[in-house]
Amino acid sequence: LNDWGYVLFLIDCGYNIQGRSSTYANLFAWFMLVKSGYDAKVGYDEGQVYLLLPSNYSWYEMPYFPIQGKYYFAASPANTDNVKTVQIYSGSYPGANQTIDIRLTESPELQRAVKAKTLTLKNAGEEAEITITYSQSIIDFYNRYPQSDLEIYLQAAVSPDVANSLAGELQPYIEGKSEVEAVNFLLNFVQTSFSYQTDGEQFGQEKFFFAEEAFHYQSCDCEDRSVLFAYLVKTLTDLDVVALDYPGHIAAAVRFSDDIPGDGVIWKGQRYVICDPTYIGALVGMRMPEYADTRPTVINI
């Protein structure tokens, strides 16, 4: 487990020990975290105890409080929607100074609960079905993840179930192809194999996907497709890829070995060619016309 997984583990242990009491679950998690060397606090408001954790990244949809120059997020399992102020202590536990890191550099080892999704792959005018396997346990873990900055999702590790099935199903199609041909194939796969819905339409709120969540939910939007496409390019072609953040839209760009025609961006002295996995039918080097005069922000992966 990463740091966030450890937090959830402790909260769940507290729940089971204390008979489903969120107050005691939070106190148990707080005690174990500070004893484990993590910076954690508890706050009190109207009979409810909240677990407060600092982070180097934003946690959206969570209340936060400035305490001694740091922002602490209310990471409690209890309802935090209406909490505005909390009573807090000023001291710090000796040696408890490690900040919770929500980056996912390794996929957590959870009990496997294998599920599968069959997708229609369109290639050279023909259609084929491919099946991607994933674990429901990973999806459940992601459902308890704080919504954060897009780079968290772009840089996250992918579980072996998804990694192996994607490689097994897609690698044969790009074997022996040029870099541009391989990336165009992956673009077409992401563009045409998934239905599109905005997060507001599907969830009623913003929700960034980790790469494998695209295989669980009915639809995905531009940032979800860009996360998945970037992962496929990195792992199946070994080319360098970045994300492009336009106002209201996310795309990607790939650095090829040769000079490839088309729209691109210069980042750290290198030219990256735009690849948009949401622009249906677009090939390498094509950007949506509405963003032709917009300079995107580059997100490193």
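The values are calculated or read from the model by the stated rules, or taken from the named source; none is laboratory data. Everything numeric here is computed off the predicted structure, so don't read it as measured data. Glycine gets a Cβ as well: all are built from the backbone with ideal geometry, and neighbour counts include every protein chain shown. For the accessible areas, the whole protein counts, side chains as well, though only heavy atoms, and no ligand, DNA or RNA atoms are used. Shrake-Rupley method; radii C 1.70, N 1.55, O 1.52, S 1.80 Å.
Could you check Q205 against (1) over 21 Å from T120 (Cβ atoms); (2) part of a helix (DSSP H, G or I) and say which number it fails? Looking at each condition in turn, Q205 falls short on (2). Taken over region 177-196, the residue count meeting the criterion of being outside any helix (DSSP H, G or I) and open to solvent by 50 Å² or more (accessible area, probe 1.4 Å) is 4. Scanning region 56-101 for residues that are in a strand (DSSP E or B) and among the hydrophobic types (A, V, I, L, M, F, W, C) returns F65, I67, F73, A74, I88, I100. Within region 23-34, is there a residue that is part of a loop (DSSP other than H, G, I, E, B), more than 23 Å from S137 (Cβ to Cβ) and out of contact with any Leu (no Cβ under 9 Å at 6 or more places or on another chain)? Within region 23-34, not a single residue is part of a loop (DSSP other than H, G, I, E, B), more than 23 Å from S137 (Cβ to Cβ) and out of contact with any Leu (no Cβ under 9 Å at 6 or more places or on another chain). Looking at the structure I just gave you, is S226 over 27 Å from N300 (Cβ atoms), crowded, with 17+ Cβ neighbours inside 10 Å, of a type outside the set (A, V, I, L, M, F, W, C) and in contact with a strand residue (DSSP E or B) (Cβ under 7 Å, 6 or more places away or on another chain)? No, not satisfied. Among the residues of region 35-50, just one is surrounded by fewer than 16 Cβ atoms within 10 Å (Cβ to Cβ) and assigned to a strand (DSSP E or B), namely Y44.
All of S178, S193, S257 fail the test of being over 30 Å from E61 (Cα atoms), among the polar types (S, T, N, Q) and free of Cβ contacts under 8 Å to residues at least 12 places away in the same chain, apart from S178. Just one of the listed residues (L53, L104, L119) is part of a strand (DSSP E or B) and touching a residue at least 60 places away in the same chain (Cβ under 8 Å), and it is L119.
Can you work out which of the residues in region 197-217 that are open to solvent by less than 40 Å² (accessible area, probe 1.4 Å) and among the acidic types (D, E) is farthest from the chain's Cα centre (by Cα)? Ranking the qualifying residues of region 197-217, first place goes to D199.
Entry remark, region 247-289: residues being in a strand (DSSP E or B), open to solvent by 20 Å² or more (accessible area, probe 1.4 Å) and not hydrophobic (A, V, I, L, M, F, W, C) number 4 in total. Within region 172-198, which residues are among the small types (G, A, S) and touching a helix residue (DSSP H, G or I) at 6+ places or on another chain (Cβ under 6 Å)? A182 - this is the single residue of region 172-198 that is among the small types (G, A, S) and touching a helix residue (DSSP H, G or I) at 6+ places or on another chain (Cβ under 6 Å).
A residue that is crowded, with 16+ Cβ neighbours inside 10 Å, over 24 Å from A251 (Cβ atoms) and of a type in the set (S, T, N, Q) cannot be found anywhere in region 114-127. Scanning region 134-175 for residues that are without any contact (Cβ under 8 Å) to a residue 60 or more places away in the chain and loosely packed, with under 14 Cβ neighbours inside 10 Å turns up D140, N143, P160, N164, G168, P172, E175.
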